[in-house]
1. Residue check, residue 450 against (1) part of a helix (DSSP H, G or I); (2) within 16 Å of the ligand (Cβ to nearest atom), all met but one. Which one?
2. Give me a count of the residues in region 365-383 that are within 16 Å of the ligand (Cβ to nearest atom) and under 29 Å from the mean Cα position of the chain (by Cα).
3. For region 353-370, which positions are within 24 Å of residue 500 (Cα to Cα) and in contact with a strand residue (DSSP E or B) (Cβ under 8 Å, 6 or more places away or on another chain)?
4. With the requirement that a residue be part of a helix (DSSP H, G or I), within 26 Å of the chain's Cα centre (by Cα) and free of Cβ contacts under 8 Å to residues at least 60 places away in the same chain, what does region 292-312 give you?
5. Among the helices (runs of 4 or more DSSP H) confined wholly to region 32-123, which include 2 or more residues that are within 16 Å of the ligand (Cβ to nearest atom)?
6. Of all residues in region 395-424 being assigned to a strand (DSSP E or B) and in contact with a strand residue (DSSP E or B) (Cβ under 8 Å, 6 or more places away or on another chain), which is nearest to residue 515 (Cα to Cα)?
7. Return yes or no: is residue 240 away from the ligand (no atom under 16 Å from the Cβ) and outside any loop (DSSP other than H, G, I, E, B)?
8. Go through region 250-291 and count every residue that is more than 29 Å from residue 63 (Cα to Cα) and in a loop (DSSP other than H, G, I, E, B).
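Coordinate-derived values only; no laboratory data. Just so it is clear, the structure is predicted and the values come from calculations on it, not from any experiment. So basically every Cβ, Gly included, is an ideal-geometry build from the backbone, and we count neighbours across all protein chains shown.
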Ligand code: NA7
């Protein structure tokens, strides 16, 4: 809905209607700004409007995959499952939009194609794909980490006569798989969730795997009434735990080393965490799995045995077993994924051995033959983190293109701002923490609103991080990623490192120092009066 058509110039433009954009819109509106917000989808919900594929659900835990700023809402709303499914998260985000009267700010089904800073006016000029242009003083992005989908770079897709879907562009009307021959390309979170969900519907299911993943079970189950009551009664404690956990999880960090623990003890702990599911194996067992390769080798050897114990054919088990460390790339979770490969109608195609060379009328051609199918599901992922930015035309001071500025990978300060792009702020943008998203979106939305209030109170018209701050942040972020298992991300085609796309700059796109450390750094930056930002009254004063 568009309430501002008579007066197109507003204080702030927000792009995105997921957790990040919705909360930023609310906060900016609450500090008195006139806000217009845009989203390409036809509804609010961000990634959850697009990723409707069967099996889509969070790996985050229900009590933390939500905002915490409104205690009444915390006491009124709860998800029904430990790992909420797509429909429920979408329902929650729609509730947020309604409850806080955010819809009136949004123009949906509209893509902002360019954002150009005009030095003459000191304003950002925006153009949309619907031909609208408007100006604003502040530009806030909530573009999402995984919003720019990619397809395999092989020819012939238009020749295929069956159905084709991308998991992130899933239709709203249900897709029937009963009795069909289904191909799935990709074994990231979307691929493994999809496979586990449709395996018993399809007549044949062929999984094309480029890189195997360590797939833990989810541990999903209904949330009990008693759990909801306890969470509400102890909500401050849940918030404290999330605030202090590197990944924004409601868990205390463990302080015990895998390499110092006897084999029987650690195996019992791995088993218990595996049963609990999701990220319990990574976060609830030992503190050195992410930092010490020797410790990581131990948990990987244990998981490899686990896969071998589930998958009956040793050759298939071997193909399904990753060679990269656990955590080098984003580990998915799904129930019954490995078990699916014991079914006679399920095939695994290792495309490192047998590359896909093209699509045909009837299916998929590899170097060794043709696979005839009725449906092709692309679970091939995204030009993650930076893609939604670099697909736009964003230009700052002096016409500087963001694409040029980021030609060797993203450069930001704290993931919040970019040198040369005054009054542009990012929520969950490149170089921000990779963690449970809603707590970070709330922290960062607050931080941006507080900075704008500070600007207003101090006669500051323009802010941007200094180039030096960007260089230091990028250096720190890289050192952190290189000190962890994420350093193996390049070999594992990790999108954390831009390595899932040929030709994309290899650079760490997210901060692995953790949600807690990042929140502390942001708080210190604000408390000290934003020392890493230039703060000026006139455009000409910007360095
Ligand atoms: P991901 O995690 O990027 O997974 C994409 C998968 O598709 C992954 O297995 C890729 O292999 C594979 N892929 C990508 N391009 C190709 C081509 N050209 N041919 C064959 N296979 C390919 O995306 P998801 O949607 O699963 O998950 C994204 C995030 O959303 C997830 O991590 C959560 O944070 C939520 P690769 O591993 O790159 O070799």
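1. It is condition (2) that residue 450 fails.
2. Filtering region 365-383 for residues within 16 Å of the ligand (Cβ to nearest atom) gives 365-368, 371, 373, 376-383.
With under 29 Å from the mean Cα position of the chain (by Cα) added as a condition, the list becomes 376-383.
Of the residues in region 365-383, 8 are within 16 Å of the ligand (Cβ to nearest atom) and under 29 Å from the mean Cα position of the chain (by Cα).
3. 354, 355, 356, 357, 358, 359, 363, 364, 365, 366, 367
4. Step one: of region 292-312, the residues part of a helix (DSSP H, G or I) are 293-310.
Imposing the further condition that a residue be within 26 Å of the chain's Cα centre (by Cα) reduces the set to 293, 296, 299-300, 303.
Hit for region 292-312 is 299, nothing else.
5. So the answer is 47-50, 86-99.
6. Pass one, region 395-424, residues assigned to a strand (DSSP E or B): 395, 401, 407, 409, 413, 417, 424.
Checking the rest, the ones that are also in contact with a strand residue (DSSP E or B) (Cβ under 8 Å, 6 or more places away or on another chain) come to 395, 401, 413, 417, 424.
Details: 395: 29, 401: 29, 413: 15, 417: 17, 424: 22 Å.
The extreme case among them is 413.
7. Working: away from the ligand (no atom under 16 Å from the Cβ): yes; outside any loop (DSSP other than H, G, I, E, B): yes.
Judged against the criteria, residue 240 is a match.
8. First pass over region 250-291, keeping only residues more than 29 Å from residue 63 (Cα to Cα): 259-265.
Now restrict to residues that are in a loop (DSSP other than H, G, I, E, B): 261-262.
The qualifying residues number 2.
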